[in-house]
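Take a look at the structure set out below.
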Amino acid sequence: MDIRIGNGYDVHALAEGLPLWLGGVQIESELGCIAHSDGDVAIHALCDALLGALALGDIGKHFPDTSDEFKGIDSKILLHRTMELVEKHGWRLGNADITIAMQRPKLASYIIRMRETLAEVMGVPVSAVSVKATTTEKLGFVGRSEGCEVFATVLLFSRE
C-alpha cells in the first residue's frame, strides 16, 4: 500500500468586527480573520496539506483569492472540493492532525465541534481528525493577537 504525507501552513491577520471561523465552526470572538473567503485558516492549512501530499500545488492554485467565485466562500466547500480531488486521484485520508496557534480566545470548548465538522466534510471518522490549540505565550504576532497561524499534517493511503 502506498502512502503520502502532506504538511500545510496558513496564517491570517486578525481585525476587530470580523467573524472568526476555525475548523468549520464559528468562534465567539471580537477578532476575526482578514481574508478573501470566510478566512478559516484551519481549513486552509488542511487543504494545503492534502494538496501537498498529492503534489497538486496549494490552495491558491485551486481556489485563487483573485477570483470572485471564492469571495466570502464557506471554506468547508473548499475542503469538500479538495477531498474530491484526493479521491479522484485514488487516495483516501488516513488521518489529519491540526495545530491552531492563537493567543485569544481560548479554543478548548470548540475542539470537539471542529473535529466533528471536519470529519463530516471529509467523510472520515472523528477519530481520524485531531485538532489542538496553543498560544505562543504572548510572543510574536500570534502572541500580540495580530494573527492566527495553523499547521496541518495529513496521511493519505492509496485506494489500491
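The values are calculated or read from the model by the stated rules, or taken from the named source; none is laboratory data. Small disclaimer: the values here were computed from a predicted structure and weren't measured. Every residue, glycine among them, receives a Cβ derived from its backbone with ideal geometry; neighbour counts consider all protein chains shown. Ligands, DNA and RNA are excluded from the accessible area calculation, which covers all protein heavy atoms including side chains. Shrake-Rupley method; radii C 1.70, N 1.55, O 1.52, S 1.80 Å.
What list of ³J(HN,Hα) values in whole Hz, one per residue of region 70-75 in order, does the Karplus curve 6.51 cos²θ - 1.76 cosθ + 1.60 (θ = phi - 60°) give from phi, with Gly and Pro shown as x?
Running phi through 6.51 cos²θ - 1.76 cosθ + 1.60 with θ = phi - 60° gives 9, 5, x, 5, 5, 5 Hz.
Need one number: % antiparallel among DSSP beta bridges in region 1-130, to the nearest 5.
75
Find how many whole Å separate the alpha carbon centroid of region 122-140 from the alpha carbon centroid of region 7-73.
So the two Cα centres are separated by 15 Å.
Only helical DSSP H runs with n ≥ 4 go in: add -39500 (n - 2.57) per run for the chain, normalise by residue count and round the 222 nm mean residue ellipticity to 500 deg cm²/dmol.
Values: 5 runs with 47 residues, N = 160.
The per-residue figure over the chain is -8500 deg cm²/dmol.
Let me check against my output: what whole-number percent is the relative contact order of the chain, with C-alpha pairs under 8 Å and at least 6 apart?
34
Please give the per residue volume of the convex hull enclosing the alpha carbon atoms of the chain, rounded to a whole number of Å³.
100
Report ³J(HN,Hα) in whole Hz for each residue of region 16-29, in order, from the Karplus equation J = 6.51 cos²θ - 1.76 cosθ + 1.60 where θ = phi - 60°; Gly and Pro get x.
Coupling constants for region 16-29: 5, x, 9, x, 10, 10, 9, x, x, 10, 7, 9, 6, 6 Hz.
Each residue of region 44-55 in order: what ³J(HN,Hα) in whole Hz does its phi give by Karplus 6.51 cos²θ - 1.76 cosθ + 1.60, θ = phi - 60°, with x for Gly and Pro?
Values, residue by residue: 5, 5, 5, 4, 4, 5, 5, 5, x, 4, 9, 6 Hz.
How many lysine pairs in the chain, separated by 8 or more positions in sequence or lying on different chains, have Cα atoms less than 30 Å apart?
Eligible lysine pairs with Cα atoms under 30 Å apart amount to 14.
Once the whole set of protein chains is in place, how much accessible area is left on GLU120, using a 1.4 Å probe, in Å² to the nearest 10?
Looks like 150 Å² after rounding.
With only Lys, Arg, Asp and Glu charged, each at its Cβ (+1 for the first two, -1 for the last two), find how big the charge dipole of the chain is about the Cα centre; round to the nearest 20 debye.
380
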